[in-house]
Amino acid sequence: MIALGIESTAHTFGVSILNEKKILSNVKKSYVTDKGGIIPAKLAEHHVEVCDEVIKKSLKEAKINLDDIDLISFSQGPGLGHALRIGAIIARTLCLKTNKPIIGVNHCIAHLEIARLLTKAKDPVLLYASGANTQVIAYEGKKYRVFGETLDMGVGNFLDSFARYLELGFPGGPKIEQLAKNGKYIELPYVVKGMDVSFGGILTNIKQKYNKGTKKEDLCYSVQETVFSMLLEVSERAMAHCDKQELVLGGGVACNSRLKEMAESMCKERGAECFIPENQYLVDNAAMIAWLGLVEYKAGIRMKINETEIRPYERTDDIIVEWR
Ligand code: AMP
Ligand code: MG
C-alpha cells in the first residue's frame with residue numbers, strides 16, 4: 001500500500017510518500033525569518049506558495065504517479081489553524097481528484113509512531129520537545145497518555161522567544177545551541193511542578209539578566225542545562241512510574257546535541273535504552289504523517305471527507321489507539 005502524507009501544523013509544509021517497507025520520499029519547505037517570529041497569515045501564504053512544488057518533488061523522488069497512491073493522510077491537529085487549513089484543503093483536493101481514502105492524524109502521536117518504526121523502541125516513553133508542544137507521552141490502556149507537559153509555552157517556542165529577544169531570528173534553537181558552546185553556567189530558576197514544567201518565568205528572568213549585562217553565551221548555555229534537566233527529570237519519572245525501559249526523543253528541539261547527550265546519560269544511569277531518530281524525523285516531517293495514516297488505515301480506521309475538519313486543539317489523549 002502506498003501512502004502520501006501531508007504535514008502542515010506550523011512552520012513546515014511537507015509531503016512524504018512511503019509504503020510498508022520503505023520511506024520513498026520526505027520533502028519539506030519551512031518558513032524561516034532573519035528577525036521576528038511566525039506571522040500566521042504569512043505562514044499560510046508560504047504554505048500555499050510552496051505546496052505545488054513540494055508535492056511534485058515528493059512524487060518525483062518517490063518515482064510514483066499520483067494515480068498510484070492508495071491513501072492520503074494529513075495532520076489534523078494540534079497546530080496553528082492558518083497552517084492546518086492549508087494541509088487539510090490540499091489533502092481533500094487530492095482525495096477528490098484521485099478518489100482515494102483520506103485520514104487525518106494526530107501530529108504528536110505521529111512523532112511517537114515514526115520513532116517506533118525507525119528505531120528498535122517497542123513501548124517507549126516519548127519526550128516530545130518541539131516548538132509549540134512539550135509533552136512526555138506513553139502508551140497505557142488504549143491511549144497515548146500525557147504524563148507531564150508544559151503549563152505555558154512549548155520549549156521550542158521558549159527558545160525561539162529568547163532568540164527573538166536577542167535578535168537572532170527564527171528558528172532560534174540552533175542559534176542558542178551555537179552560542180551555548182562558549183558559555184559558562186549561571187544559576188537560573190528551575191521550574192518543575194509535579195510532573196509538569198513551565199518556561200514563562202525563566203524567560204522573564206533571562207531577559208532581565210540579559211538587560212543587566214549578563215553575557216548571552218552564558219545565558220544560552222545555562223538555559224540549555226536548566227530546561228533540558230527539567231524535561232529529563234519529568235521523562236525519567238514517567239519511565240519509573242510506567243515501568244518502561246525505553247526513551248525516545250521527538251520534536252525539533254531534540255536535534256540539540258546537548259539534549260541528546262543528557263537523555264543518553266540519564267537512560268544509561270537507569271539501565272534503560274535511549275533511541276533518537278535522525279534529525280529529519282525529529283523535526284516536523286510528513287513521513288510520520290504518511291506512516292501513521294497507513295498504520296491507522298490498516299487497523300480499520302476510516303474517515304469520511306466531512307470528518308476531516310481541522311482540530312487545532314486536539315489532545316494526544318483524545319485519540320483511542322485502535323492499532324495497538
Ligand atoms: P518542530 O516544531 O518539532 O519542528 O521543532 C521546531 C523547534 O525546534 C523550533 O522551536 C526550533 O527552534 C527548535 N530547534 C531546532 N533545532 C534545534 C536545536 N539544535 N536546539 C534547540 N532547538 C532546536
Ligand atoms: Mg512537531
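For the chain, list the cysteines whose Cβ sits under 4.7 Å from no other cysteine Cβ?
Cys with no partner Cβ under 4.7 Å: CYS51, CYS95, CYS108, CYS220, CYS242, CYS255.
Of the candidates LYS212, LYS244, LYS100, which one comes out as most mobile in a Gaussian network treatment of the chain with C-alpha springs shorter than 10 Å?
For the chain, modelled as a Gaussian network with Cα springs under 10 Å, the answer is LYS212.
Membrane-span-like helices in the chain: DSSP H runs reaching 24 Å or more (Cα, own axis), mean Kyte hydropathy at least -1.0?
What comes out of the filter, once short or polar helices are dropped, is 40-62, 81-98, 216-242.
How much length is gained on full extension from ASP152 to LYS63, taking 0.36 nm per residue of separation minus their Cα-Cα distance?
Going from the current span to full extension adds 27.7 nm.
Need the full-extension length gain, GLN178 to LEU96, defined as separation in residues times 0.36 nm minus the C-alpha distance. One decimal, nm.
In short, 24.9 nm is gained.
For ILE186, project a label point 7 Å along Cα to C-beta. Then give me every residue of the stretch 219-239 with its amide nitrogen under 20 Å of that point.
What the label zone holds, given the 20 Å backbone N cut-off, is 219-230.
Using a 10 angstrom cutoff on alpha carbons, build the Gaussian network for the chain and name the most mobile of GLU20, GLU309, GLU225.
GLU20
What length, rounded to one decimal in nm, is gained on full extension from ILE301 through to ASP123, with 0.36 nm per residue of separation minus their alpha-carbon distance?
Taking ILE301 through ASP123 to full extension adds about 61.9 nm, to one decimal.
For the stretch 238-279 and the stretch 189-216, what is the separation of their Cα centres, given in Å?
Centre-to-centre (Cα) distance: 24 Å.
Return the single residue from ALA290, ALA41, ALA88 with maximal mean-square fluctuation; model: Gaussian network over the chain, springs between Cα atoms under 10 Å.
With Cα springs under 10 Å in the chain, the top fluctuation among ALA290, ALA41, ALA88 is at ALA41.
Please turn the phi angles of the stretch 274-282 into ³J(HN,Hα) values with the Karplus equation 6.51 cos²θ - 1.76 cosθ + 1.60 (θ = phi - 60°), one per residue in order, whole Hz, x for glycine and proline.
For the stretch 274-282, the Karplus-derived couplings read 10, 10, 10, x, 5, 3, 5, 9, 8 Hz, x marking Gly and Pro.
Using only C-alpha positions, report the orientation-averaged shadow area of the convex hull of the chain, nm², one decimal.
15.6
Students often get this wrong, so check it: of LYS28/LYS215; LYS21/LYS100; LYS193/LYS268; LYS21/LYS122; LYS29/LYS193; LYS21/LYS181, which have C-alpha atoms separated by over 29 Å?
LYS28/LYS215; LYS29/LYS193; LYS21/LYS181
Highest mean first, how do 69-81, 254-266 rank when packing is the count of other Cβ atoms within 10 Å averaged over residues?
Most protected by this proxy first, the peptides run 69-81, 254-266.
What FRET efficiency comes out for LYS142 versus ASN19 if R0 is 35 angstrom and r is the Cβ-Cβ distance? Round to the nearest 0.05.
The value I calculate is 0.80.
Readers should treat all values here as calculations from the given coordinates under stated rules, not as data from a laboratory. Model, not experiment: these values are computed from the prediction. Ideal geometry is used to build each Cβ from the backbone, glycine not excepted, and the neighbour counts take in all protein chains shown.
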